[in-house]
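Participant: Take this structure first; my questions come after.
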Amino acid sequence: MAIESAQKALDDARIKMKARDETLRAMATAEADQRVQALQTVLDALLASMKPRGFDRKKFQARIALAGRDTPDSGPAAVRHAIYLAEARKVLGIDPNAPA
């Protein structure tokens, strides 16, 4: 009897671990998708800011600021803020590791 209940508890724990692993995998996938979308937004802003003779910094900064305002502050999409900051600083020639 004790062996059967221990086996049942072990099976239940395995089921819970599998469900947790699937949830974590789904969350990681959602975050990765958001990172890709953020990089695409930065690239789109860069391309839209190019002029025949150079780069319009103000236009780029405005587009990134708008994207930041349109991005939620919580949930998987919130990771985009960090990407916008780091990648925009690279484009603008600012050390991405320097304090903001």
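Participant: In degrees between 0 and 90, to the nearest 10, how far off the longest principal axis of the chain does helix 79-91 point, with axes built from Cα atoms?
Facilitator: For 79-91 against the chain, the angle is about 30 degrees.
Participant: Choose one answer from ALA67, ALA88, ALA19: the residue with the largest mean-square fluctuation in a GNM of the chain with alpha-carbon springs under 10 Å.
Facilitator: Between ALA67, ALA88, ALA19, it is ALA19 that shows the largest mean-square fluctuation.
Participant: Per DSSP helix of 4 or more residues, -39500 (n - 2.57); summed, then divided by the residues of the chain. What does that give at 222 nm, rounded to the nearest 500?
Facilitator: Computed ellipticity for the chain at 222 nm equals -26000 deg cm²/dmol.
Participant: To continue, here is another question. Return the sequence-ordered ³J(HN,Hα) values of the range 48-62 in whole Hz as given by the Karplus equation 6.51 cos²θ - 1.76 cosθ + 1.60 applied to θ = phi - 60°, using x for Gly and Pro.
Facilitator: 5, 8, 7, 10, x, 10, x, 10, 8, 4, 5, 5, 4, 4, 5
Participant: Multiply the residue gap between GLU31 and LEU10 by 0.36 nm, knock off their C-alpha separation, and tell me the result in nm, one decimal place. Let's see the in-between values first.
Facilitator: Numbers: separation 21, 0.36 × 21 = 7.56 nm, distance 3.14 nm.
The GLU31-LEU10 span can extend by a further 4.4 nm.
Participant: In addition: Which number comes out as Rg/Rh for the chain once both Rg and the Kirkwood Rh are worked out on C-alpha atoms?
Facilitator: Numbers: Rg = 21.9 Å, Rh = 16.4 Å.
Rounded to two decimals, Rg over Rh is 1.34.
Participant: Additional query: So, in nm, how far is label ARG53 from label ALA65 when the simple model puts each one 7 Å beyond its Cα toward the Cβ?
Facilitator: It works out to 2.5 nm between the two label points.
Participant: Just GLU87, GLU31, GLU22 to compare: in a GNM of the chain, with alpha carbon springs under 10 Å, which one fluctuates most?
Facilitator: Largest GNM mean-square fluctuation: GLU22.
Participant: Could you check how much of the accessible area of the chain is carbon and sulfur, as a whole percent, using a 1.4 Å probe? Write out the running numbers ahead of the final one.
Facilitator: On the way: 4410 of 7480 Å².
Answer for the chain is 59 percent, counting heavy atoms of protein chains only.
Participant: Which whole-number percent gives the relative contact order of the chain, counting Cα pairs below 8 Å spaced six or more residues apart?
Facilitator: Taking the mean separation of contacting Cα pairs over the length of the chain, I get 27 percent.
Participant: With every protein chain left in place and a probe of 1.4 Å, what is the accessible surface of MET27, to the nearest 10 Å²?
Facilitator: The value for MET27 is about 120 Å².
The values are calculated or read from the model by the stated rules, or taken from the named source; none is laboratory data. Just so it is clear, the structure is predicted and the values come from calculations on it, not from any experiment. Because the Cβ atoms are built from the backbone with ideal geometry, glycine has one as well, and the counts that use them run over all protein chains shown. Protein only, heavy atoms only, side chains kept; ligands, DNA and RNA dropped before computing areas. Shrake-Rupley method; radii C 1.70, N 1.55, O 1.52, S 1.80 Å.
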